[in-house]
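Structure first, then comments.
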Amino acid sequence: MAALMAAERKLNDTGSAVKSSRYVTAGAAWLNGAFGKVAKAGQAAGTKTRHKWNLAVSNLTTKDSSIAA
């Protein structure tokens, strides 16, 4: 039982050391920033695509109206 408690304590200490590591903190901040940039680019691309789609549909609707007239 003592060995199990010692192993648990060692694992807990290791986890605390990893959580407080400046390299882990810096890596997490970098990754968070990268995900933010990708999300922003995806949103911009989606907005442009939606705008182009609406413009294409509008052009098709306009052409169909002029053919019918």
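Sort out which residues of the range 14-51 are among the hydroxyl-bearing types (S, T, Y), surrounded by 10 or more Cβ atoms within 10 Å (Cβ to Cβ) and in a helix (DSSP H, G or I), and write them in order of number.
Within the range 14-51, the subset among the hydroxyl-bearing types (S, T, Y) is 14, 16, 20-21, 23, 25, 47, 49.
Then keep just the ones that are surrounded by 10 or more Cβ atoms within 10 Å (Cβ to Cβ); that gives 14, 16, 21, 25, 47, 49.
Across the range 14-51, the qualifying residues are T14, S16, T25, T47, T49.
Sort through A69, A41, A17 and tell me the only one that's among the aliphatic types (A, V, I, L, M) and modelled with pLDDT of 85 or more. Give the derivation first.
On the way: A69 fails: modelled with pLDDT of 85 or more; A17 fails: modelled with pLDDT of 85 or more.
Of A69, A41, A17, the one residue that is among the aliphatic types (A, V, I, L, M) and modelled with pLDDT of 85 or more is A41.
Return yes when L11 is aliphatic (A, V, I, L, M), modelled with pLDDT of 90 or more and surrounded by 10 or more Cβ atoms within 10 Å (Cβ to Cβ) and no when it is not.
Values: aliphatic (A, V, I, L, M): yes; modelled with pLDDT of 90 or more: no; surrounded by 10 or more Cβ atoms within 10 Å (Cβ to Cβ): yes.
For L11, the condition - aliphatic (A, V, I, L, M), modelled with pLDDT of 90 or more and surrounded by 10 or more Cβ atoms within 10 Å (Cβ to Cβ) - is not met.
The values are calculated or read from the model by the stated rules, or taken from the named source; none is laboratory data. The model shown is predicted, which means the values in this text are computed figures rather than measured ones. No Cβ is skipped: glycine too gets one built from the backbone with ideal geometry, and neighbour counts run over all protein chains shown.
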